[in-house]
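Beneath this line is the structure, given in structure tokens, with notes to follow.
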Amino acid sequence: MEGIDEKYKMRSIFIDEAQDYSYFQFAALKEGFNTDLFTIVGDLAQGIHSYRGLNSWTPVLKEIFPNANYQALQKSYRTTVEIMNLANDILQLIDQDLPKVEPVIREGQKPHYKMIDPSSLEQVRLQLEQDIASLIEEELHSITIIGRTDRECQRIHQMLENCQLPIQLVGEKQDMKKGHILIVPSYLSKGLEFSAGGNVMHHRIDKTEWHYVVEESNYNLIRIFLNDELVIAQPMYISDDFRKYGFLDKKEILENVPAYVNRVQDIGLKVKVGEVTEDEWSKRTDFYVDFYAYKDEAMVANIANYKIGSRIGSYSGRALKSARQEVNEFMYDIRPKPTDIVKETFGYSIPKGMVKVTYRNEEEELLMENDPRYVEHKYLY
């Protein structure tokens, strides 16, 4: 309330990891110390307090330090080209204008990912022990497991505490023990260097484990579930127009499923499918469909006459209905529900403009023909 005592005031102030400070904190420090001599260093892409940290330097430069000089330092001397290329790929998924990193020529292994069912903690433990043992065989002795949160690190520590390896769960005010396998939350790992590190993708959302499932259909389609919820369904192979808006093809998706899920959710990507058509030949039937790419509910691209598959033989249209049903069920995750419409009835006893529908649970109801439930049923089947 009374300001800072003269003996504690400083003429020049240096702040590191500045992206985790708020605009208010910068303004308060400037006012309290009564100086403009600040050296502020930070990387917006490394913020760990998104709810209160910076997402742009512009207000700091224009409103708090209008006489400041701004310099973007993009060259990295710490990590390998492969790691920095991956970091640049991730930067493209962030909805901010962030400069790309320019790595020096220092080669290394490309980071790799392994998908493990998080419901099987024993499988996670065995995989971690196997990876650590391989790194030790390579004489890499500074090894760290990075978890997203402190609580997640505690769970990893519980999994490994009975193994034969020296394990240390590193807290905020603890020194790191030499020769130990470290378990560190992500917000404590910044600025530290290791011979080898692994990030355990075992996140929690609203107390639910992240569980990815990737499925493929016989019609050149691929889809991803997150915790049993459909995230994206799309063609395995995409056009340049689709790629321009952030879509990837099957091979690229499988290289890093979590990153693609984040991209789909952050950008708001979605694919809708048109009506399946067929082209019959004497000894085979080809099936085609149009795909429509959406970004934030706006259609941005399409693929016309995408060949989704063939069947040996000529079916005179008999196979078309089942192909349409399989494609729609795959693309829109249609699973049997009690409220599925299984029968529709028209007739003299049905009022004009209406239809009597029978649901899977055998209940019946009169619907207007433009009722969304009936319209969706007609569209899908």
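With Cα atoms as the point set, the chain shows a radius of gyration and Dmax of 28.1, 95 Å. Considering every alpha-carbon pair of the range 2-130, the percent of pairs per 5 Å bin, from zero through the bin containing the longest distance, is 2, 8, 14, 15, 13, 13, 11, 8, 6, 5, 4, 1. Over the range 1-85, what is the relative contact order in percent, taking alpha-carbon pairs closer than 8 angstrom and at least six residues apart? With pairs under 8 Å counted, the relative contact order is 30 percent.
In a GNM of the chain with a 10 Å cut-off on Cα contacts, which of Q127, Q164, Q154 has the highest mean-square fluctuation? So, out of Q127, Q164, Q154, the one fluctuating most is Q164.
Around N162, with a cut-off of 15 angstrom between Cβ atoms, what is the net charge of the other residues, counting Lys and Arg +1 and Asp and Glu -1?
Local net charge: -1.
For the range 1-96, applying the loop criterion from DSSP together with a ceiling of 14 other beta carbons within 10 Å to the GluC sites (Glu not before Pro) yields E2. As a length-normalised measure over Cα pairs under 8 Å and 6 or more apart, the relative contact order of the chain settles at 8 percent. Using the Kirkwood radius over Cα pairs, work out the Stokes-Einstein diffusion coefficient for the range 254-319 at 10 °C and 1.306 mPa s, in µm²/s as a whole number. Estimated via Stokes-Einstein, D reaches 114 µm²/s. Give K62/K100; K283/K343; K250/K272; K295/K343; K270/K307 a once-over and call out the pairs whose C-alpha atoms are over 28 Å from each other. Check vs 28 Å cut-off fails for K283/K343; K295/K343. Considering the chain as a Gaussian network with a 10 Å cut-off on Cα pairs, which listed residue, N256, N162, N302, attains the greatest mean-square fluctuation? Largest GNM mean-square fluctuation: N162. Springs between alpha-carbon atoms under 10 Å, Gaussian network over the chain: tell me which of L135, L121, L61 tops the mean-square fluctuations. Among L135, L121, L61, the largest mean-square fluctuation in the Gaussian network model of the chain belongs to L61. Placing unit charges on each Cβ (+1 for Lys and Arg, -1 for Asp and Glu) gives the chain a dipole about its Cα centre, and among P59, F242, V231 the Cα reaching farthest toward its positive end belongs to F242.
Every number in this text was worked out from the coordinates using simple rules, so none of it is lab data. Worth saying up front: this structure is predicted, and the values here are computed from it rather than measured. A quick note on method: Cβ atoms are made from the backbone with ideal geometry, for glycine too, and the neighbour counts reach across all protein chains shown.
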